[in-house]
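Inspection log for the structure reproduced underneath, given as structure tokens.
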Amino acid sequence: MGGPSDGLVSFLKRFEAVVSARQYEILTQGGMEIKLAEEKNLVGCCGIYCGLCPRYQSTAKSRCPGCKVLSLTISCKLYNCCVKKRGLTTCAECGDFPCDKYEGFFEWDSFVSHAVCHPNLERIREVGLETWLQEQAEKRAVLESVLANYNDGMSRSFYCIATALLPLDLMKKAVSEAEAAISESSCDFSDIKAKAKVLRSLIENLAFGAGISLKLRKKPK
């Protein structure tokens, strides 16, 4: 039997190109390119965006690849119900949300704040997953810039929590004011500790003014 015809080969190549283009669809907002397929790996079904998590932003060997990938190896009752049982991406798609599986979940935090979960899921319902991912990826871009320029080795978790909880405009304002303050002072631009002190103080003041606590809430014993 001969090989596939030229027409079939041509069709398969076109089909492969279409699938590839769909899988790696690029979304652009404000000049920022987002690979949608990759970003979806950073969506926790509970509304957590893993791109703002200190464990995802870690450079250690134990760095977490994100909830969607991690859930393949650990058990999570929310993931088991939402993704494995119902075939959904997030609980925002579920008519039963919020259900009893979330009892207490929004009132305490782990190493990330759960305070953003319910609002994030409501936002996904309002604007759709792709638009929400664009918004979160813009936050991640700000966070990663901050980590590259203001991380004194002890502030990664603080910056991650602040970026997750504060509106994007407040984080941008803090960075802008930090840059201005450092430029006007005698601070050495290579002194990361001094720069971190300036930025952290500005973030804390803006959070306080907005009535937002940047402290993680412990789960009751």
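Computed quantities for the displayed model
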quantity	calculated
Test: residue in segment 99-107 that is touching a Lys or Arg at 6+ places or on another chain (Cβ under 8 Å) and among the acidic types (Asp, Glu)	yes
Output for segment 82-100, where each listed residue is among the small types (Gly, Ala, Ser) and surrounded by fewer than 17 Cβ atoms within 10 Å (Cβ to Cβ)	Gly87, Gly95
Hits in segment 101-133 (condition: in a loop (DSSP other than H, G, I, E, B) and either surrounded by fewer than 17 Cβ atoms within 10 Å (Cβ to Cβ) or of a type in the set (Val, Ile, Thr) (or both))	Glu103, Gly104, Trp108, Ser110, Phe111, Val112, Val116, Gly128
Residue among Glu184, Glu179 that is acidic (Asp, Glu), farther than 27 Å from Ile48 by Cα and surrounded by 14 or more Cβ atoms within 10 Å (Cβ to Cβ)	Glu179
Hey, Leu216 modelled with pLDDT under 95 and under 23 Å from Tyr49 (Cα atoms) or not	yes
Flag for Lys68 being more than 17 Å from the chain's Cα centre (by Cα) and more than 23 Å from Arg217 (Cα to Cα)	no
Leu199 vs. criteria part of a helix (DSSP H, G or I) and modelled with pLDDT of 90 or more	yes
Of residues in segment 136-155 being of a type in the set (Gly, Ala, Ser) and assigned to a helix (DSSP H, G or I), the one surrounded by the fewest Cβ atoms within 10 Å (Cβ to Cβ)	Ala148
Given (1) more than 14 Å from Gly44 (Cβ to Cβ); (2) within 19 Å of the chain's Cα centre (by Cα), number of the condition Ala92 does not satisfy	(1)
Qualifying residue in segment 156-168 (condition: surrounded by fewer than 16 Cβ atoms within 10 Å (Cβ to Cβ), of a type outside the set (A, V, I, L, M) and farther than 16 Å from Val116 by Cα)	no
Residues of segment 169-195 satisfying the condition of being without any contact (Cβ under 8 Å) to a residue 40 or more places away in the chain, of a type in the set (A, V, I, L, M, F, W, C), assigned to a helix (DSSP H, G or I) and more than 30 Å from His118 (Cβ to Cβ)	Ala178, Ala180, Ala181, Ile182, Ala194
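Rundown of residues vs (1) part of a loop (DSSP other than H, G, I, E, B); (2) at pLDDT 75 or above; (3) in contact with a helix residue (DSSP H, G or I) (Cβ under 6 Å, 6 or more places away or on another chain), yes/no style:
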residue	(1), (2), (3)
Ala37	no, no, yes
Pro65	yes, yes, no
Ser75	yes, yes, no
Tyr79	no, yes, no
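The values are calculated or read from the model by the stated rules, or taken from the named source; none is laboratory data. In this text the structure is predicted, and so the values were computed from the model without any measurement. Every residue, glycine among them, receives a Cβ derived from its backbone with ideal geometry; neighbour counts consider all protein chains shown.
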